[in-house]
Amino acid sequence: MEKISLITMSGWKAFSKDKMITTNTGILILGLLWLVFWLGPAYSTFLTDSRWGHNFALPLTFITVGMAYHFRMISCQLVAVIAVFLMVPGHLAFWPWHIATSIAAALFVSLLILYGIERGRETELLQPNRRLRSWLRLHLMTFAYIGLAHIPLTFFLVRWANFESFADYLPVEQSVPIAIFNAMLIILVLLAIMERFVMKVGMFEVAKLGFVWSMLMIVIPLLTVNFIFD
């Protein structure tokens, strides 16, 4: 019994270290806390100006991406790719927050349903040929991260200098915390992609570095909220 307990504890430690302390877990936690923040302390801001409702759709997409990585099924990861790229029109104010949130919520529910179905099967729902299956497993999550990169890229390259053009569906977001978050998101995306191909950079494990960076993305923008120049 003692031997079994030791094996179990050893297995749990390995699971915790290798499977949980990753960039993708950080993305998942980031999405959860982002959603909690806007459903809680920041909800009054949304009630004052409903255009802030895009902060419900975006964290749902982060949660979908984080879960899809850990589910490791082609169908689930394909949903994650669709989810992130369908957020791009919302981030460019092609449709209002409630449409973006409905899409994000529908895809998140689809992810959970597919996972529930897949868990009860001996083989995955999607069964492409072996070469295509290997290619999809290698690249689907990378495509999802590239989709996430569109959030800061559209923010800095398109919306930053011309927020008035997006005012129908998006509020003015030229503030220090939001700029910091978007800048840090670019680095998080790079770490997430690196994690798939590189274990270490010097003395740092990429997975742990990505996890810590995602946690800093929660802390640092919040610390700047009350700065006088915000």
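The values are calculated or read from the model by the stated rules, or taken from the named source; none is laboratory data. Just so we're clear, the structure is a prediction, and the values are computed from it rather than from any experiment. Virtual Cβ from ideal backbone geometry, glycine too; neighbours counted across all protein chains shown.
Worth pointing out:
- Being more than 16 Å from the chain's Cα centre (by Cα), of a type in the set (A, V, I, L, M) and modelled with pLDDT of 90 or more is not true of Leu153.
- Some residue of the stretch 28-38 being buried (at least 21 other Cβ atoms within 10 Å of the Cβ), of a type outside the set (A, V, I, L, M, F, W, C) and either at pLDDT 95 or above or in contact with a strand residue (DSSP E or B) (Cβ under 9 Å, 6 or more places away or on another chain) (or both): yes
- The requirement of being within 21 Å of Phe37 (Cα to Cα) and modelled with pLDDT of 95 or more is satisfied by Ala105.
- Among (1) among the hydrophobic types (A, V, I, L, M, F, W, C); (2) within 16 Å of the chain's Cα centre (by Cα); (3) at pLDDT 95 or above - the single one Met87 does not satisfy: (3)
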